[in-house]
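Asks: Before anything else, here's the structure in question.
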C-alpha cells in the first residue's frame, strides 16, 4: 500500500518530471510532503501566473509537459491566463490544483470554485481525482494529452482527502507511439501543385518549430531554391540569414513580404494554424494554398487551403522534397526584388544614436551581443513587432514570443524557464514597463535560484502598443499613460543588479557585460517610439507599393 500523494509523485517521476513550479496551499500539503522526498524539484514562485508561464515555456522548449502547482480557489483561478497561454500557443503543460475534501468537508463552500468546469474551455483534458486508485491512469492520460499533437494544457484536481488515502495501484507505463504520416496521394497532390506553379512560396509557422522539421525544411529550401517567409512564432525554424528569406509577417498587411505573397500562385504553408494572427488573407481563386501540418486545417474566412497534407510535418516535407526537382519555369525574379527592398529597409536605423533608444538600434544591438543559439524572450508590447520584423533568428526557439494569446506578463517567467532548460546559453528577457510590472515580483525567484540572465525593461511610461493603435485610429490620447518606479532601485531591492544607460552607445557594451557576470541583471532602457506610426503604418506601405 502507498499513500495517494506518494503515488501521485511516483507517477510524475515516471513521466520524467524535473520541476514543479508553483505555490502550495493547505489543501495540497500532503502532496507537498511527498514532493519533498521525491526527485522532483519544487520551484517556489511569487505568483501562480508566473509559475504557469514557466511551466508552459519549459514545455515549449523541451516538448515534455511542464508542471505547475496551486491550491484551490484563488490559487487555481490564477492559472487561467497561463492555461490559455499554453493552450493557444501549443505548449504542453500540466496544472495540479488542490481542493477541499470531497467526501466530508467541515468548511461548507469556503473558497470552493468548480475549477474542473472552469478549465474545460482552456484545456485539452481536465479531471478531478475521486479515488487514489485512479491516479496512475489519470496522470498518464493527462501527460499523453498534453504532449500529443497539437500540444496544450491539461489539469488535474487532487482533493485533500483523496491525497491522504492509501492505494495499491501500480503505475501505467508510457506507450510507444509514433505520429501518423501523411497519405501518399496527399503528398502527390502537393508535389504536383508546387511543380505546376510559376511562383511558389514557402511559409513557416509555429508548428514547424521542431528540431527534425527545421532540418527537413532547410534541406527543402536548399534543394529546390524556393523562397520562404515566417510567421512570428515560426521565426528561426529556417535560418533567417539565408539568402532566400523574404521576411517575417509581423504586420497584418502591406509589408514587403505581403507583396511577395500577393504575387505567389502557390503557398506551401508548413506548421501554421488560424490561432496565430493571420500572416496573409486568402481570396477565392487567387492562389493555391497547401496545408502541411500534424492536423487538418481549421477552415476560416481567411484560411481555406485547397490541398491538405496531414501527418508528421518533418516526414511530409522530406517526402515532398524527395519527389521534386527545381522546375525550369519557376520565376523568382519579383521575389528577388522584394528581398533587396526588404534588406535595405531593415538596415535603416541600426546605427541611429538618438536616446531614448531607437527601436531598430535596440534590436540590432541585442542581435550583435547574442550568439546564434542564445535565447531572447519577449513579453507582449510594441517592441514585439520591431523584434519580429528586424531580429534575424538562426536557430529554432531562440526568439520566444507569443502571437497566439499574446498576453502581457510572460516575458520574465519565460526567460527564467529558458535559463533553467538551457543553463549554458545566454538568456535575455525583454518586457515593456506595463507587462514587466504584471509579474515583476518573480525577480525574487530568479535571484533565489541564482539564475544568470538579463532583464531589459523597455520604458515608455505608457501601454505603448495600444497607444499606437489608438493614434492610428485617429482617437485622442487617453487612458494609456502611467508612472513607473525607479527600476534600478527596484531590482536592487531584490538583491539583483540594476543599470540605466545614458546613451545608445552605452547599451550594447552594458548588455554584454551583464551577460558575462553571474547573477540577475536588470537594464532600464527608455525607448523612442515616435516613429511607430510613420514607419509601420505609412512608410513601409508606401515603399512596398512601389514594387
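No value in this document is a laboratory result; all are computed from the given coordinates. Predicted, not measured: the structure shown is a model, and the values here were computed from it. With ideal geometry, Cβ positions are generated from the backbone for all residues, glycine too; neighbour counts draw on all protein chains shown.
Asks: Give the dimensionless ratio obtained when the Cα radius of gyration of segment 184-340 is divided by 2.2 N^0.38 Å. Please list the in-between numbers first.
Replies: On the way: Rg = 13.8 Å, N = 157, 2.2 N^0.38 = 15.0 Å.
Against the empirical 2.2 N^0.38 Å value, I get 0.92 for segment 184-340.
Asks: Turning to a different aspect of this structure: With the contact rule set at Cα under 8 Å and sequence spacing of 6 or more, what percent relative contact order holds for the chain?
Replies: On the way: 1215 pairs, mean separation 69.9, N = 547.
Answer for the chain is 13 percent.
Asks: Given a Förster distance of 22 angstrom, what is the FRET efficiency for residue 183 paired with residue 302, based on the Cβ-Cβ distance and rounded to 0.05? If you can, show how the numbers build up before the last one.
Replies: Working: r = 26 Å, r/R0 = 1.18.
Taking R0 as 22 Å, the efficiency between residue 183 and residue 302 is 0.25.
Asks: Enter the Cα centre distance for the pair segment 1-40 and segment 393-470, rounded to the nearest angstrom.
Replies: Each part's Cα centre sits 29 Å from the other's.
Asks: What percent does the relative contact order of segment 2-167 come to when contacts are Cα pairs within less than 8 Å and at least six residues apart? Working shown, then result.
Replies: On the way: 386 pairs, mean separation 46.3, N = 166.
Relative contact order comes out at 28 percent.
Asks: Next question, about the same structure. What is the spin-label model distance, in nm, from residue 215 to residue 472 if the labels are put 7 Å beyond Cα along the C-beta direction?
Replies: 4.0
Asks: Report the extension gain between residue 33 and residue 277 in nm, rounded to one decimal, defined as 0.36 nm multiplied by the number of residues separating them, less their alpha carbon distance.
Replies: Numbers: separation 244, 0.36 × 244 = 87.84 nm, distance 4.35 nm.
Length gained, residue 33 through residue 277: 83.5 nm.
Asks: I need the calculated FRET efficiency for the pair residue 516 and residue 539, taking r as the beta carbon distance and R₀ as 41 Å, to the nearest 0.05.
Replies: Values: r = 37 Å, r/R0 = 0.91.
Efficiency, from the Cβ-Cβ distance: 0.65.
Asks: OK, next. Output the 0 to 90 degree angle, nearest 10, between the alpha-carbon long axis of helix 504-516 and the longest principal axis computed from the alpha carbons of the chain.
Replies: Approximately 40 degrees, to the nearest ten.
Asks: Using a ≥ b ≥ c from the Cα gyration tensor of segment 1-103 (square roots of the eigenvalues), is it rounded, prolate or oblate, where a/c under 1.5 gives rounded and otherwise the larger of a/b and b/c decides, a/b for prolate? Walk me through the numbers on the way to the answer.
Replies: On the way: a/c = 1.90, a/b = 1.25, b/c = 1.51.
It is oblate, given that a/c is not under 1.5 and a/b is not larger than b/c.
Asks: Right, another one. Please give the peptides 123-130, 17-24, 235-242 ranked by average Cβ packing (other Cβ atoms within 10 Å per residue), highest first, as a rough proxy for protection. Intermediate results must be reported in sequence, preceding the final value.
Replies: Values: 123-130: 19.6, 17-24: 22.9, 235-242: 21.4.
Descending mean neighbour count gives 17-24, 235-242, 123-130.
Asks: If r is the Cβ-Cβ distance from residue 340 to residue 168 and R0 is 56 Å, what FRET efficiency results, to the nearest 0.05?
Replies: Details: r = 70 Å, r/R0 = 1.26.
Once rounded, the FRET efficiency stands at 0.20.
Asks: Here's a follow-up. Could you give the length gained on full extension between residue 26 and residue 546, defined as 0.36 nm per residue of separation minus the Cα-Cα distance, in nm?
Replies: Values: separation 520, 0.36 × 520 = 187.20 nm, distance 6.49 nm.
Extra length available between residue 26 and residue 546 comes to 180.7 nm.
Asks: What's the angle, to the nearest 10 degrees (0 to 90), between helix 411-421's Cα axis and the longest principal axis of the chain?
Replies: Tilt of helix 411-421: around 80 degrees.
Asks: Okay, moving on. How high is the relative contact order of segment 348-538, given as a whole-number percent (alpha carbon pairs under 8 Å, six or more residues apart)?
Replies: Details: 354 pairs, mean separation 48.1, N = 191.
Normalised by residue count, the contact order of segment 348-538 is 25 percent.
Asks: Could you work out the helix-only [θ] at 222 nm for the chain, with each DSSP H run of four or more residues adding -39,500 (n - 2.57) and the total divided by the number of residues, to the nearest 500 deg cm²/dmol? Spell out each step's value before the answer.
Replies: Values: 22 runs with 208 residues, N = 547.
Rounded to the nearest 500, it is -11000 deg cm²/dmol.
Asks: Which residues in segment 249-272 place their backbone N less than 12 Å from a point set 7 Å from the Cα of residue 198 along the Cα-to-Cβ direction?
Replies: 263-266
Asks: While we're looking at this one, here's another question. Once the Cα atoms of helix 313-323 and of the chain are each reduced to a long axis, what angle between those two axes, in degrees from 0 to 90 to the nearest 10, is obtained?
Replies: 30
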